[in-house]
Every structure is written in structure tokens, then in C-alpha cells.
Amino acid sequence: MRGLLGLLVTAAIVVIGYWYFASRMQSGTSKGNPAQVISGVGVQSDLISIGEAERVYWAQHGAYASLDDLYSSGALAAKKLGRDGYTYSVEASDSGFTATARCDANAAPGCQSYQVDQTMQVQPVQ
């Protein structure tokens, strides 16, 4: 009998914990529907890959490169011009770069554009 009571108390704690964390996840800081959130995470990952390719290119050539130069040099292996309504672009100068993923707000209302620079910090575009 004591074992059954312990099992019921444990089950109640698990259910309450699950309910608490599930409700916090739903009211989190994520904006948009789940597909937009997943797409936004993928875009941020792509921007990090572009930033890492810029670092490789800079180490080999002593300069930052355009998106086309990154593809043609092999620093960025998979040629991706965008993802799920986002388009990628890179502005390079002697002192740094800015890679931007812009979304078409008309095609996907509520989407967020992002950018990354040589600090490798992905930031939302205002």
C-alpha cells in the first residue's frame, strides 16, 4: 500500500511539473507559428555557416568576400540562396562583413529578418 501511495505522489509531481514547463514553453519569447520559429532557427544556423565561411575565406585571402565568392572559392560548400521565404546577401568590406537573411513580410507575415557580422552574433534586423 505504501508503494502505491509513493507511486501516486511521484506521478502527481511529474504531471504538475510537465504542466508547468509546457505552459511556460507556450508563453515563451518565440514569435509566430511553429513553422516560422523552426524556419527562423534554420536561417540563423545558415547565417552562422556563412560567418564561418567568411572567417575561412579571410584566413586564406586576407579579405572578406561576397556570397558568390564564398561559393566559388569552396569556403561555403552548399549553395543556398535562401530558405522558406528568406533570401541571403553579404556585404563585405576590408574591415568586416554583414550577412543578412531577409524575409518577405508580405509572403510570411510576422517573420523576422536576421544578420550576422564578424563578431558572429546573430541579431534581428530592425
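Taken over segment 60-84, the criterion of being hydrophobic (A, V, I, L, M, F, W, C), touching a strand residue (DSSP E or B) at 6+ places or on another chain (Cβ under 8 Å) and part of a loop (DSSP other than H, G, I, E, B) is satisfied by 63, 65, 81.
Considering the conditions (1) under 15 Å from residue 124 (Cα atoms); (2) part of a helix (DSSP H, G or I); (3) of a type in the set (Ser, Thr, Tyr), residue 57 is excluded by exactly one of them, (1). Residue 126 satisfies every condition listed in (1) exposed (fewer than 12 other Cβ atoms within 10 Å of the Cβ); (2) modelled with pLDDT of 90 or more except (2).
List every residue pair whose Cβ atoms sit under 7 Å apart, with the two residues 6 or more apart in sequence or on different chains, where the first one lies in segment 74-88 and is within 20 Å of residue 36 (Cβ to Cβ) and without any contact (Cβ under 8 Å) to a residue 40 or more places away in the chain and the second, anywhere, is of a type outside the set (D, E, K, R) and assigned to a loop (DSSP other than H, G, I, E, B). Close Cβ pairs (under 7 Å, with a partner that is of a type outside the set (D, E, K, R) and assigned to a loop (DSSP other than H, G, I, E, B)) amount to 87/81. The number of residues in segment 99-121 being surrounded by 14 or more Cβ atoms within 10 Å (Cβ to Cβ) and either polar (S, T, N, Q) or not assigned by TED's automatic domain parsing to the domain that holds residue 47 (or both) comes to 5.
For segment 96-126, give me each residue that is in contact (Cβ under 8 Å) with a residue 12 or more places away in the chain, assigned to a loop (DSSP other than H, G, I, E, B) and more than 14 Å from residue 52 (Cα to Cα). Correct list: 104, 107, 108, 110, 111, 112, 113, 125.
Each row is one residue, and each column tells you yes or no for (1) surrounded by 12 or more Cβ atoms within 10 Å (Cβ to Cβ); (2) modelled with pLDDT of 90 or more; (3) not assigned by TED's automatic domain parsing to the domain that holds residue 116.
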| position | (1), (2), (3) |
| --- | --- |
| 5 | no, no, yes |
| 14 | no, no, yes |
| 23 | no, no, yes |
| 44 | yes, yes, no |
| 48 | yes, yes, no |
| 69 | yes, yes, no |
| 74 | no, no, no |
| 92 | yes, yes, no |
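The values are calculated or read from the model by the stated rules, or taken from the named source; none is laboratory data. These figures come from a predicted structure and were not determined experimentally. No Cβ is skipped: glycine too gets one built from the backbone with ideal geometry, and neighbour counts run over all protein chains shown.
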